[in-house]
Amino acid sequence: MQQNTLPLDGIRVIDFTQVMLGPCATQMLADFGADVIKVERPGAGDLSRGFYGEDSEEAVNNAVFASLNRNKRSVEIDTKSPEGKQMVYDLVRESDVVVDNFRAGVMARLGFGYDKLKEINPAIICASGTGYGETGPYAHKGGQDVLAQAMSGVMEKRSDPSIPKSIYPTTLCDYTAGMHLVQGVLAALLSRAKTGQGQKVSVSLYDSMIAMQMQEAAQWSKHREVLNWAAMPLTGVFDTTDGALVVVGAFKLNPLQDICNALEIEDLSPQYPTLATQRKNKPFLQDTFRERFATNTTAYWLERLEAQDLLCAPVRSLSTALEDPQTEINGMLLDIDHPILGEMQLVGSPVHLSDVPMGIRRMPPRLGEHTEEVIAEFGLRQKERAAG
């Protein structure tokens, strides 16, 4: 049986991205089959290569970099030199997409803005991820995940006002904007298939976080009411004798009654029959739940909650989640034997296609690993075109 090709097979992406937003986007394009050529600074490369802060071969091939850069080719190009600029232009002439996540205006100052590149290749798609957008009062500012959490209103919300405001510890904004960038590139490729013309694709950390709050924004716009799903009166995280669990008391006819049944306590729903009364008495309800959950194990309470068909789950560490059979069954772990890092696992793609399983075609590249290969490949094409 002939194996189906990956959906982006034959698409070439020139990748100027670094750290998280851009690399997670270009890695997904690479997973889908695109030939992603990662353009890196000579001797330094992607900023995430320096994660360890030390000068060693392992430092520029570390686990953080590896997690974001599989299935790519790395070339070292001095983009400020005339020769480097010409090499980029030669690559663009033979490519489909150029991706960056610099501050607004940086690509144009380097000589690689969309207006310049579309003169070289009218079909080129230029995709940029910035902090706040390419115009406006914040366009010049450096973007970063934590800053986007703060500026967008995400950091301000808490499940309880007594909890101090804090940084969400996973790169929520970078990953979300990266996936929006993938969507934009795929949409632009579909558009180009109809028109033959490329276009500019733009996303920002700020916009992605505003978009993520679409329900909250609509509620505020219409009713001037703060919508906070984490602050619902029957939802919370509760300590047990050996850990913690989370309960979401929603999507049922009488969730308070069901929680009380699971906790083996008096039914409080006649006293607090409506969401309004439950909100007003949330401290009492939560304290009652907390006291009961603290008397037994996580497994004990999960069994009782699930018997009432309540939404619940244990609070686990990442290491526990990675060891869960469901993670393996879902194909979310990829085993590699990296020439520098050795044996390790990378998180796979969360998008599963039935006919074209995605895996690792190329190891996360060493800095400049494919420079000579790409020069030879594109140099040959330049000669063939000149001869023709």
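Label Thr297 and Ala313 with points 7 Å out from Cα along Cα→Cβ: what is the distance between them in nm?
Taking the simple label geometry, Thr297 and Ala313 are separated by 2.2 nm.
If you put +1 on each Lys and Arg Cβ and -1 on each Asp and Glu Cβ, how big is the dipole of the stretch 106-161 around its Cα centre, in Debye rounded to 20?
With Lys and Arg at +1 and Asp and Glu at -1, about 100 debye.
So between Gln197 and Leu275, what do we pick up on full extension, going 0.36 nm a residue minus the alpha carbon distance?
Stretched out fully, the Gln197 to Leu275 stretch lengthens by 22.8 nm.
Return the carbon/sulfur percentage of the accessible area of the chain, one whole number, probe 1.4 Å, all protein chains in place.
Of the solvent-accessible surface of the chain, carbon and sulfur hold 54 percent.
Quick check: Cα centre of the stretch 160-191 to Cα centre of the stretch 265-292, how many Å?
Going from one Cα centre to the other spans 35 Å.
Quick one: grab the alpha carbon gyration tensor of the stretch 255-388, order the square roots of its eigenvalues as a ≥ b ≥ c, and give me rounded if a/c is under 1.5, else prolate or oblate depending on whether a/b is larger than b/c. Present the calculation step by step, with values, prior to reporting the outcome.
Working: a/c = 4.09, a/b = 3.07, b/c = 1.33.
Since a/c reaches 1.5 and a/b is larger than b/c, the shape of the stretch 255-388 is classed as prolate.
Given the pairs Lys165/Lys252; Lys72/Lys116; Lys38/Lys85; Lys38/Lys141, which span a C-alpha to C-alpha distance of over 19 angstrom in this model? Walk me through the numbers before you get to the answer.
Details: Lys165/Lys252 31 Å; Lys72/Lys116 25 Å; Lys38/Lys85 15 Å; Lys38/Lys141 25 Å.
Beyond 19 Å: Lys165/Lys252; Lys72/Lys116; Lys38/Lys141.
Could you check the spin-label model distance between Ala211 and Val347? Points 7 Å from the Cα along Cα→Cβ, value in nm.
Distance between label points: 1.9 nm.
Spin-label point model (7 Å from Cα, Cβ direction): what's the Asp160 to Glu264 distance in nm?
Simple spin-label model gives 2.4 nm for this pair.
State the label only: which of [x] 77, 53, 40; [y] 83, 43, 35; [z] 87, 47, 47 corresponds to Cα extents along the principal axes in Å computed from the shown model?
[z]
Measuring with a 1.4 Å probe in the full set of protein chains, what accessible area per residue, in whole Å², belongs to the stretch 168-243? It would help to have the intermediate numbers written out before the result.
Values: 4280 Å² over 76 residues.
The answer is 56 Å² per residue.
Taking a ≥ b ≥ c as the square roots of the Cα gyration tensor eigenvalues, with a/c under 1.5 meaning rounded and otherwise prolate when a/b beats b/c, else oblate, which class fits the stretch 20-156?
Verdict is oblate for the stretch 20-156.
How much mean residue ellipticity at 222 nm does the chain get from its helices, if each DSSP H run of length 4 or more adds -39500 (n - 2.57) and you divide by all residues, to the nearest 500 deg cm²/dmol?
Working: 16 runs with 155 residues, N = 388.
One gets -11500 deg cm²/dmol as the mean residue ellipticity at 222 nm.
Using the crude model of +1 on Lys and Arg Cβ and -1 on Asp and Glu Cβ, and no other charge, please compute the dipole size for the stretch 6-161 relative to its Cα centre, in debye to 20.
Numbers: 17 positive and 23 negative charges, 88 e Å.
The dipole magnitude comes to about 420 debye.
Hey, can you find the accessible area per residue of the stretch 39-162 for me, probe 1.4 Å, expressed in square angstrom? Intermediate results must be reported in sequence, preceding the final value.
Numbers: 5620 Å² over 124 residues.
Accessible area per residue, the stretch 39-162: 45 Å².
What size of dipole, in debye to the nearest 20, comes out for the stretch 149-223 about its Cα centre when the only charges are +1 on Lys and Arg C-beta atoms and -1 on Asp and Glu C-beta atoms? Numbers along the way, then the final one.
Working: 7 positive and 5 negative charges, 56 e Å.
With only Lys, Arg, Asp and Glu charged at Cβ, the dipole is about 260 debye.
Return the loop-located chymotrypsin sites (Phe, Trp or Tyr not before Pro) in the stretch 207-258 (DSSP other than H, G, I, E, B) with at most 15 other Cβ atoms within 10 Å of their own Cβ; answer none if there are none. Let's see the in-between values first.
Details: sites: Trp220, Trp229, Phe238, Phe251; in loops: Phe251.
Within the stretch 207-258, the qualifying chymotrypsin sites (Phe, Trp or Tyr not before Pro) (loop, at most 15 other Cβ atoms within 10 Å) are Phe251.
As a test, work out the antiparallel percent of DSSP beta bridges whose residues both lie in the chain, rounded to the nearest 5. It would help to have the intermediate numbers written out before the result.
Numbers: 15 of 36 bridges.
If we restrict to bridges inside the chain, about 40 percent are antiparallel.
The values are calculated or read from the model by the stated rules, or taken from the named source; none is laboratory data. Since this is a predicted model, take the numbers as computed values, not measurements. Every residue, glycine among them, receives a Cβ derived from its backbone with ideal geometry; neighbour counts consider all protein chains shown. These accessible areas exclude ligands, DNA and RNA; they are computed on the full protein's heavy atoms, side chains included. Shrake-Rupley method; radii C 1.70, N 1.55, O 1.52, S 1.80 Å.
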